[in-house]
Each structure stands twice: as C-alpha cells, then as structure tokens.
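Novice: Pasting in a structure now, in structure tokens, and then I'll have a few things to ask.
No value in this document is a laboratory result; all are computed from the given coordinates. All figures in this text were calculated on a predicted structure; none of them were measured in a lab. Neighbour counts are summed over all protein chains in view; Cβ atoms, including those assigned to glycine, are modelled from backbone coordinates with ideal geometry.
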Amino acid sequence: MSETVFTYAAPALKFGRGAAAEIGYDVSGWGARRVLLVTDPGVAAVGHPARVADDLRARGLEVVVFDRAHVEPTDVSLTEAVDFARSEGPFDAVVAVGGGSSIDTAKAVALLVTNPGELMDYINAPVGKARAPEQPVLPLVAVPTTTGTGSESTTICVMDVLSLKVKTGISHAALRPRLAVVDPSLSATQPAGVIAAAGMDICCHALESYTARWFADFDAKTPEQRVPYCGSNPVADLWSERALGLLAASFRAAVRREPGAPLPDQVADDLALAATFAGLGFGNAGVHIPHANAYPIAGRVRDFTPVDYPPAEPMVPHGMAVALTAPEAFRFTFDAAPERHLRAAALLDPTGAADGPDALPAALAGLMRDLSLPNGLGEIGYGADDVDDLVDGALKQQRLLATAPKDVTGDDLAGIVAASMENW
C-alpha cells in the first residue's frame, strides 16, 4: 500500500532588518529567566552575539555565553558545549547566534541538558543508537548570521565523529527551533568564500528536496513511523522553487561584490530569504545523494583549507562538500523525474542552453565556476584511490539515500564520485 499522507512543520519565523533586537521580548514571553547564548569566536568578534545578549539582559534575563562553538562541529566540540551547559545550568532557553555550526551546537545542548545519556546515544543509526528524546528539549531561538544551512528551520544537528572519520547527525522533530529569527543585516558582512560555500548549500537543499522521492511513492507508514523527511510534496515544492528563483537573481552578485563591501540590502535580503525558504522545503521533504556524499567528503579531509574560513585546521565547508558531487548526482537521478530536473535547471539558469540529463548539471557547473569553487574533488585532495572509502561513508547515510528519487547502490555512488574527481 502506498503512502497517502505527507507532513509539514516549521518554527515560528521572524524575518527582517531589526528582528534580532526583539529576541529579549520574545524569550521573556516564554517565562524564561536564565538563558544560554551559543556562538563561535568569529561571530562573537563581529559583535552580533553581544548585542543580542544585551537585549536579553535589558528584559531582565540572566545570560551565560558559550562562545566556543566549532566551525563544522565534531562529537568532541558538541560534548564540550554540553558539558559546559550542564555545569553552568540550569537554563530555561537557548539562543544560538551564528551559522549552522552554532545552531547545531545549540540543538545538541538543548537536547542533552534535559535528557539522560550522551551524544552517541542520540546520533543516527548505524553510527549511533538513534535514541529518541524522553523529555522535552529546551526551547531554542536560532539566529543565523550566514545564509546557507537552513538549520534555523530544521530538525537536524550535524557533526563529524572524529574517531570514525564520518559526518553524521541527530534527526528528531524535537530539535526544530521554537523560533527562527532571520535578520539580513547580520549576514550582510559575510566574506565571499563563505557566501559561495554556504550558498551552494541553499542551492542543493532546494534542488534535492525538489527532486526527492515523491511522498506517495513510499510505502504507507503508521503514525509512529513518520519522520520529518517525508519526500517531496506540494508544500515543500513551493519553498524550493522560490529559493531557486531568489538564488538565480542574487547569488553571483553577492560573491562578486567588492572585497570588504557589505552586501547590498536587496541582495542580502534575497539570500536570507532563499536560505530560509530552502530550509522550510528540505526540512520536510528531505535531501538525498549530494548530502550523503558530502558527509565523508568533509569527514575524511586531509589538508584542504578553504578561502575566507578560519585557517586553524583542514576542512571542507559543508556546502562545498555537498556541491562537488551534485552535478553528477543529478545526472544520475534525471530519469526518475525528468520534468522536475528540467524545471529546476530553468529556475536556476533561465538562459541555459543544455537540455535533457545535462541541463541541471550544466546549470550547476556554470554556477560553481562563476563562484570560483573547486573544480571537482581532485582540487580538494581526493583521487581515484579514495573512491571506495568515500562510497563507504556515503552508504552509512541511509536516512538520506532513502529519499533519493531512485534506488542507489554502492556502484551507483562509485560512478558519481569517480566522475566528480575531474574538472566540470
């Protein structure tokens, strides 16, 4: 029997310039008295978290700041944040100010300060035990300062498990923030390299959710079997289409602006809306092959250091890792839903000349070249000898691969990864 039901959920959303100045009002209205603010050193240096903390204190709230969120979180960095929160608590709410790394760190904290056990108990199987929360998590306000992850809208907390060299996460409806506060003025000073990588995450969120397996093509579920990712559906499609249109209008202009210049207001607003819309889409429909491939690409990095990110250690930014196999992934999935792939290509590149299975890969490749992103996995240090290892890591992401519009084997993934080694 086929599925006949799809689900949709989203946090409360406050969008617009100046929205971050109202967080104290919002949180105090929940009856909170003591708040943990989570951020990272780079965002803290810009001053956004301090201003949010001042607004919270002006409303009579006590604020404790954790400013050591790790860019691209790990199991070690999340455990450090949880240990800090447990030792400094109790808290009534958590406020995350930063990119997806800070928001995901805050999700782990909100979960584990109210629930027993440790991080690995809740990480998705087969890496962790996939334990469900037994107690309500702390209410979370997510305040993104980058435009990409959509973490302010989703039920997912992503991290690298260092000992296994794999990227994985926790996925549960309880992790969705209670309130997303999207203030484009906070993301207007992102450097070009961050915008390029994070913006490709927006792009792939929208493309993957739009091309995901249709919800009615899954087997029917019982109520207790329902998960946040239910496949593409009419509501998620609306968000994904609009996100692609906004990206097509503003993405290149955002990356090509004069170095050090803030984003023009309309460009900053468009990117922030695109990130939010894509998050509202994929946070319900799901993502698939490019994201599954991205986890081992980021988790097994050797010595690549991206432009405009902290130089302390090798890393592949999440959005970059997702994008590098996306053209070949969409070439593979084309025959499962040709009309959707062609529609997505037209939204992303209205002037595109390619047709058929090449249309969406060509639109993506052209965009990535214009953004000066690496030309294939080879440019970030991978080669033919790494294909099997990367495929092994991707196969661990069955929660994501199950949402692909067609069945995916290890050989299929090997073909996609191998074809993504060379220049576009």
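Novice: Mean residue ellipticity at 222 nm from the helices of the chain, using -39,500 (n - 2.57) per DSSP H segment of n ≥ 4 over the full residue count, to the nearest 500 deg cm²/dmol?
Specialist: Per the formula, -13500 deg cm²/dmol.
Novice: So what is the orientation-averaged projected area of the range 272-364, using the convex hull of its C-alpha atoms, in nm²? Provide the component values of the computation, followed by the final result.
Specialist: On the way: hull surface 29.2 nm².
Result: 7.3 nm².
Novice: Mind jotting down a quarter of the surface of the convex hull over the alpha carbons of the range 192-419, in square nanometres, one decimal?
Specialist: On the way: hull surface 50.1 nm².
For the Cα atoms of the range 192-419, the hull's average projected area reads 12.5 nm².
Novice: Which stretch or stretches of the range 32-70 have amide N atoms under 20 Å from the point lying 7 Å from ALA21's Cα along the Cα→Cβ direction?
Specialist: 46-61
Novice: For a footprinting-style exposure proxy, rank HIS205, HIS341, HIS48 by other Cβ within 10 Å, fewest first. It would help to have the intermediate numbers written out before the result.
Specialist: Working: HIS205 34, HIS341 25, HIS48 21.
Fewest to most other Cβ atoms nearby, the residues stand as HIS48, HIS341, HIS205.
Novice: Dividing the alpha-carbon Rg of the range 19-182 by 2.2 N^0.38 Å yields what?
Specialist: Values: Rg = 14.5 Å, N = 164, 2.2 N^0.38 = 15.3 Å.
Dividing the Cα Rg of the range 19-182 by 2.2 N^0.38 Å gives 0.95.
Novice: Just to be sure I follow: if Rg is taken over the C-alpha atoms of the range 207-290 and Rh is the Kirkwood radius over the same atoms, what is Rg/Rh? Mind dumping the intermediate values first?
Specialist: Numbers: Rg = 15.9 Å, Rh = 14.0 Å.
Dividing the radius of gyration by the Kirkwood radius yields 1.13.
Novice: Relative to the longest principal axis of the C-alpha atoms of the chain, give the angle of the C-alpha long axis of helix 410-419, reported between 0 and 90° and rounded to the nearest 10°.
Specialist: Compared with the principal axis, the helix lies near 80 degrees.
Novice: Roughly how many nanometres apart are two label points built 7 Å out from the Cα toward the Cβ at ASP121 and GLN135?
Specialist: Placing both labels 7 Å beyond Cα along the Cβ direction yields 1.0 nm.
Novice: Put a dot 7 Å past each Cα toward the Cβ at GLU62 and ASP411; how far apart are the dots in nm?
Specialist: Simple spin-label model gives 6.3 nm for this pair.
Novice: Now for a separate question. Tell me the label-point distance for the pair TRP30, VAL5, using the 7 Å Cα-to-Cβ offset, in nm and rounded to one decimal.
Specialist: Result for the modelled spin labels: 2.8 nm.
Novice: Can you list the residues of the range 264-288 with backbone N under 16 Å from a point 7 Å past the Cα of LEU13, pointing along Cα to Cβ?
Specialist: Correct set: 269-286.
Novice: On a full-extension model of 0.36 nm per residue, what is the gain between ALA312 and GLU224, subtracting their alpha-carbon distance, rounded to one decimal in nm?
Specialist: Contour length minus Cα-Cα distance gives 27.3 nm.
Novice: Which cross-chain or sequence-distant (5 or more) residues have an amide H under 5 Å from the amide H of VAL63, H modelled 1.01 Å from N in plane?
Specialist: HN-HN under 5 Å from VAL63: VAL35.
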